[in-house]
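Before any comments, here is the structure.
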Amino acid sequence: MGQLEAVGSPRDLRNLNEDQVRELCSEIRDTLVTTCARTGGHLGPNLGVVELTVAIHRTFDSPRDRIVFDTGHQAYVHKLLTGRAAAFGTLRQEGGLSGYPSQAESDHDIVENSHASTALSYADGLAKAYAIRGEDRHVVALIGDGALTGGMAWEALNNIAISKDSRLVIVVNDNGRSYTPTIGGLATALTSLRTNPRYEQMLGIVKKRVNAVPGVGHAAYDALHAIKKGVKDALAPQGLFEDLGFKYVGPVDGHDVTAMEQVLQQAKRYGGPVIVHAITRKGYGYDAAERHEADQFHAPGPFDIDTGEENPKGRIWTDVFADEMVHLGAKRRDLVVITAAMTHPVGLDKFQKRFPERTFDVGIAEQHAATSAAGLAMGGLHPVVAVYATFLNRAFDQVLMDVALHKCGVTFVLDRAGVTGDDGASHNGMWDMSVFQVVPGLRLAAPRDPARLRELLGEAVEVSDAPTIVRFPKGAPPADIDAVGKAGGCDVLVRSGRRDVLIVAVGAMATTCVDVADRLIAQGIGVTVVDPRWVKPVDPALIELAREHQLVVSVEDNGRVGGVGAVLLQTLTDAGVTTPFRLHGIPQEFLHHAKRASLLEQIGLTSQAIARGIVEDVAAAREAGVGIWSGTAVPAWDYRAGRWQVATFHAHH
């Protein structure tokens, strides 16, 4: 039996000797590589925290002591050490382990949100709660992999620093910058000294007595303090944390379990908040990851273990955007791009290579990105801010008050909009077409195919007096769907037979809606399919089209509440259009992790499910003798019940 197989809980780690710990870490790395090679996942960050996570679990008593990860994608090793090793092969698979901490999986998990820079705030609240309740518990916040670039982390640090009694240990996983290492006996002695409670007492006595010396006391103390601080900063250039009021330990080699345990024990004994600075290497222990220049295998798809080459996955929506941005950048010197630590994931690395002076990666700081973009627009440029759809939620106030209020021409490009699948609830981009509906003046485009993405992106960057959003989903784009006509600014994709059913196809759902139309035509039902292209504001042409048809069906890859369909229905109601309306979208709930296609099937966003519902509606209407099927033109539809009413009809004159 291997060491990992014998670990059923973190307590099993405490009896291991150094050789066994070393063997365990090796087995963990093998498991990470072999599993992620098959499932994909955040391999690089987890290879970098193997020893660090082992040391944390050997020092603290989880789940009584709480461990919070920031970001949550660094928790794979934690899962392996908390009774989930046998199930680790199901990582990110439907019905299997989540790629992030999950309360449903284990009592050792508490914070599930994978949006970065939040752990310190959670930890601050937890530590305060335990102190108020009189519970003898520690809280450990492991923050790193870029999470300290987020402003929320620094807001939390500002508050934690004054919580002198919080039993909170902040482990900074520093895998992104090179600091001069602290080595030698003096550094070790200083580290031990600074985390000894008697150190604070002695400093207080020294300060009091030196300051009491007439004439020179204050100056003498300031000089002594400056010397002490200068020595520490020379050895460990982290004076910033100490200036905030924290005890600081490190830097320490995060790949040395023994060294990490020593400093964690020291931090644990100290009565207040402590920062432990661990130096790690992303991708550590797997040569292909360490040599990967872009991001040390941050989140590869399935790959070949021997070569490190990812399995071919073909062209995706992101590639279309990336190429078009380079094209637009060559045409317009005023075009600049901003992203929030996502240069490669959103495809801006190509633009950066061509136009480095016009590329800005602000770190995990979406709020700053939005307002900085407003400033760029005020300065005469046109910024394109590209992030995953779910992450722009974090900058709603900035989009509303800093961009829209000032009528700034800023284009937001939202990758992975709609159902994303594998990464679970916090990564599904199902909120944007609801959240940003309330922003006055904002225009929102949802391209159905690559040609429309290029087209709409070009139109968006021409808007200079309002924010624009262009959104597209994860994965491979469909083949281009040519329009057969126009209705206002909408593309007509299908026009067949009588004006029975109007299908409003939003963005990437257009391919599904065209398939729905084929199924309806086969049933003898007349159908019109339109793609609004710009879904906000509502195109007036849709009002007249709805008035002319017997049933309106909207289909979108967004939450049903407050989305495109909901706003369209409100608009039709305001215009006095009483045509029955069916709204198809994502239910307003947190979806579990699974493949996009599987989730769409489960929530009824497939051509078969949508077509079946329409056929049933039409059959019910015919049976009820409603509308054109009875020679009258007044639909009898119960909006509350969502069905055709048979009770009363009135002839249309």
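The values are calculated or read from the model by the stated rules, or taken from the named source; none is laboratory data. The model shown is predicted, which means the values in this text are computed figures rather than measured ones. Cβ: placed from backbone, ideal geometry, glycine included. Neighbour counts: every protein chain shown. To get the accessible areas, we keep the full protein, side chains included, count just its heavy atoms, and leave off ligands, DNA and RNA. Shrake-Rupley method; radii C 1.70, N 1.55, O 1.52, S 1.80 Å.
Here is how the numbers come out for the structure above:
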item: Positions within the range 518-542 being touching a Ser or Thr at 6+ places or on another chain (Cβ under 7 Å) and not basic (Lys, Arg), in sequence order; result: Ile521, Gly526, Val527, Val538
item: Candidate set from the range 412-461 (those that are out of contact with any Lys or Arg (no Cβ under 8 Å at 6 or more places or on another chain) and polar (S, T, N, Q)); member that is modelled with the highest pLDDT; result: Ser434
item: Residue match in the range 74-82 (condition: under 27 Å from Gln367 (Cα atoms), touching a strand residue (DSSP E or B) at 6+ places or on another chain (Cβ under 6 Å) and aliphatic (A, V, I, L, M)); result: yes
item: Spans of helices (runs of 4 or more DSSP H) in the range 1-112 with at least 3 residues surrounded by fewer than 19 Cβ atoms within 10 Å (Cβ to Cβ) and either of a type in the set (S, T, N, Q) or without any contact (Cβ under 8 Å) to a residue 24 or more places away in the chain (or both); result: 18-39
item: Residues that are more than 10 Å from Pro45 (Cα to Cα) and of a type outside the set (Lys, Arg), drawn from the range 290-300; result: Glu290, His292, Glu293, Ala294, Pro300
item: Residue that is nearest to Pro477 (Cα to Cα), among those in the range 283-302 that are assigned to a loop (DSSP other than H, G, I, E, B) and among the acidic types (Asp, Glu); result: Asp295
item: All positions within the range 303-347 that are of a type in the set (A, V, I, L, M), in a helix (DSSP H, G or I) and either under 15 Å from Thr411 (Cα atoms) or more than 22 Å from the chain's Cα centre (by Cα) (or both); result: Ala322, Met325, Val326, Leu328, Ala330
item: The range 594-611 residues that are surrounded by 15 or more Cβ atoms within 10 Å (Cβ to Cβ), paired with ones that are in a loop (DSSP other than H, G, I, E, B) and of a type in the set (Asp, Glu) (beta carbon under 8 Å, 6 or more apart); result: Ala594/Glu94; Ala594/Asp422; Lys595/Glu94; Lys595/Asp422
item: Filter result (open to solvent by 10 Å² or more (accessible area, probe 1.4 Å), under 27 Å from Arg416 (Cα atoms) and in contact with a strand residue (DSSP E or B) (Cβ under 7 Å, 6 or more places away or on another chain)) within the range 565-593; result: Ala566, Leu569, Arg582, Leu583, His584, Gln588
item: Residue count, the range 462-497 (criterion: among the charged types (D, E, K, R) and modelled with pLDDT under 95); result: 1
item: Selection status of His277, within 20 Å of Leu142 (Cα to Cα), at pLDDT below 95 and surrounded by 15 or more Cβ atoms within 10 Å (Cβ to Cβ); result: yes
item: Count of the range 133-175 residues which are among the β-branched types (Val, Ile, Thr), open to solvent by less than 10 Å² (accessible area, probe 1.4 Å) and more than 18 Å from Gly72 (Cα to Cα); result: 1
